[in-house]
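Working notes, structure below.
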Amino acid sequence: MEAADYEVLSVREQLFHERVRECIISTLLFATLYLLCHIFLTRFKKPAEFTTVDDEDATVNKIALELCTFTLAVALGAVLLLPFSIISNEVLLSLPRNYYIQWLNGSLIHGLWNLVFLFSNLSLIFLMPFAYFFTESEGFAGSRKGVLGRVYETVVMLMLLTLLVLGMVWVALAIVDNNKASRESLYDFWEYYLPYLYSCISFLGVLLLLVCTPLGLARMFSVTGKLLVKPRLLEDLEEQLYCSAFEEAALTRRICNPTSCWLPLDMELLHRQVLALQTQRVLLEKRRKASAWQRNLGYPLAMLCLLVLTGLSVLIVAIHILELLIDEAAMPRGMQGASLGQVSFSKLGSFGAVIQVVLIFYLMVSSVVGFYSSPLFRSLRPRWHDTTMTQIIGNCVCLLVLSSALPVFSRTLGLTRFDLLGDFGRFNWLGNFYIVFLYNAAFAGLTTLCLVKTFTAAVRAELIRAFGLDRLPLPVSGFPRASRKTQHQ
């Protein structure tokens, strides 16, 4: 063999080893996420649904739980996708020729983006509908009972749902873009239909983030205040402990003497209320034993960090709005080749990259808090060891929609300059200036409005509580005040 043939073989062998290495790394990363999500879901699932007398229902619920675990692992991977890419770029930029990080390259990052996109499509369009129909199925009438009969019914329902969605997409495309080429492109299922359908789902996820994130940014202050110990000026733990003990004693006396009340009592509800009060009293005791440093320093620092992160987010979005009006390069766009380790995507270098990662995680946590705080989705909030299988499926779908829209959301708001890789950058609406501009303006306006409303109400309530004005006897607004003539009489 000639020297050129040996070079070709060596190049092919090197490419083969790189692909195998990327597959192993991707498998290990996904296995780690899958294990974490499995442990997380087992803490919230309802044990009664998995230990039923009917083994068939228990088997169906176990299969559905594994599908939900896969979906939640994909959602967690979508959340980590953009921060991992930003950090990888800074690591390659700082250590370009380090032997121990040669496995970290643009091909691996690009492959992870494609895998997350593929698994997100698979979970949203096939796995989660299959899991829902599988738990609700009973098998066709006249067929043999068993898991296989439920699988047949679920597959038929899934096929009918696919035809329905395909028809709806066809009608929507005919309304938006009625030409022969667009209709014929729908026949290309993998290259056009699934990316187009996922683009619609991603757009809905970005709109959901637009609503939930400002609400969550405002709610983060109250949620953090409940988790931390407030200074004595803002919180009277002794009074709360006294009230909790008084309520617990009253409920215990009512349970011990049920005949003393002429109304029928729900004993199960009373027992749950007593357990809740006991748990609350234990937490209050722990908070009362907190140190002075934790009480007087932890709470103000946490509030200050939240305020700085929220203000920085609004400031970056406001600057990005100005950049959209001046420079066309500020528009979000896709990048087919992942050229990492060449230039930093932040003007502040590694420090700016760390700030971008922190802001992305902070906005994701805020969006989840806002999602579960909204009245429309409050019923989906998972409960410890008391979440039904249907609620788990709904939570996994909603979290996957939010997390898969996070890279597009972050790039649209200008939180990072890292361009979208793979099919994430192929969304048609990303090139529309008016949509991107209005989205940034709406986010800045809604966040500012929610923060102003929350802070004014919170400061007013805390001042009233601190000065004891909440215990003053105030006149009831439903009754008219007495006239001067009546008062003189």
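Since every read-out is calculated from the coordinates, none of them should be taken as a lab result. Computed from a predicted structure; not experimentally measured. Note that we place each Cβ from the backbone using ideal geometry, even for glycine, and neighbour counts take in every protein chain shown.
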How far, in nm, would the chain grow between LEU36 and VAL354 when pulled straight, counting 0.36 nm per residue and subtracting the alpha carbon separation?
112.0 nm
What does the charge count near MET128 come to, summing +1 for each Lys or Arg and -1 for each Asp or Glu among other residues with Cβ under 14 Å from its Cβ?
-2
Roughly what would the spin-label model give for LEU161 and THR252, points 7 Å off Cα along C-beta, in nm?
5.0
Using 1/(1 + (r/R0)^6) with R0 = 41 angstrom and r between the beta carbons of THR224 and ASP327, what's the FRET efficiency to the nearest 0.05?
0.65
Cβ-derived FRET efficiency at R0 45 Å, TYR242 paired with ASN114, nearest 0.05:
0.15
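So if each residue of separation counts as 0.36 nm, and I subtract the Cα-Cα distance between VAL308 and ASP55, what length gain in nm does that give?
Taking 0.36 nm per residue and subtracting the Cα distance, the gain is 85.8 nm.
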Highest first, please rank the peptides 375-387, 125-137 by the mean number of other Cβ atoms sitting within 10 Å of their residues.
125-137, 375-387
